[in-house]
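Working notes for the structure below.
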Amino acid sequence: MASPSHHEQNLSMINYCKWVGLRIVFLLMILSRLAAASYSTVKYLPGFSGSLPFKLETGGDHDMVVSYLGTLSWIKALNFTIIDEWRPWLVDDQVAGYSTEYSKNFTFATVKGGGHTAPEYKPKECFSMFKRWISHEPL
């Protein structure tokens, strides 16, 4: 039988891995937000030259800092053509949020139940969204 301290060490390692994983996903989402805002992120991506080939803008639908409606407003101001209308995207057959694809390889996706730091609130959904998006798979 494992000692309580061994169990506590395992929980500590699991929590640390979750903490690191969330920070990595959050960093990647920040980089994609910078790209969507037309700032150059190339200097932050070693070995990558040229402009980013695709862009992702995300927002938690419970974000009280940056409302997704405000984000939709500035996206509309970009005058991009809508390629794929507002539709749900799923994780484990459950609605995880909604997305719209625009011209110029631009995608906007909400995270259902996500706050301002969506990966903190919905890590599984955010990781799934990012993994699909970076692999050019539909959300």
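The values are calculated or read from the model by the stated rules, or taken from the named source; none is laboratory data. Not measured: the values here are computed from a predicted model. Quick reminder, even Gly has a Cβ in these numbers, built from the backbone with ideal geometry, and neighbours come from all protein chains shown.
For the criterion of being within 17 Å of the chain's Cα centre (by Cα) and assigned to a helix (DSSP H, G or I), Ser73 fails. Name the single residue, out of those in the stretch 119-139 being in contact (Cβ under 8 Å) with a residue 60 or more places away in the chain and assigned to a loop (DSSP other than H, G, I, E, B), that is farthest from Phe108 (Cα to Cα). Residue satisfying both the conditions and the ranking: Lys122.
Ala96 satisfies every condition listed in (1) assigned to a strand (DSSP E or B); (2) farther than 23 Å from Ile24 by Cβ except (2).
Condition check ((1) closer than 17 Å to Met29 by Cα; (2) buried (at least 16 other Cβ atoms within 10 Å of the Cβ); (3) basic (Lys, Arg); (4) modelled with pLDDT under 90) across all residues:
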site: Gly70; (1), (2), (3), (4): no, no, no, yes
site: Trp89; (1), (2), (3), (4): no, yes, no, no
site: Asp92; (1), (2), (3), (4): no, no, no, no
site: His116; (1), (2), (3), (4): yes, no, no, yes
site: Phe130; (1), (2), (3), (4): yes, yes, no, yes
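Note on the stretch 99-114: residues that are of a type in the set (D, E, K, R) and either at pLDDT below 85 or not in a loop (DSSP other than H, G, I, E, B) (or both) amount to 2.
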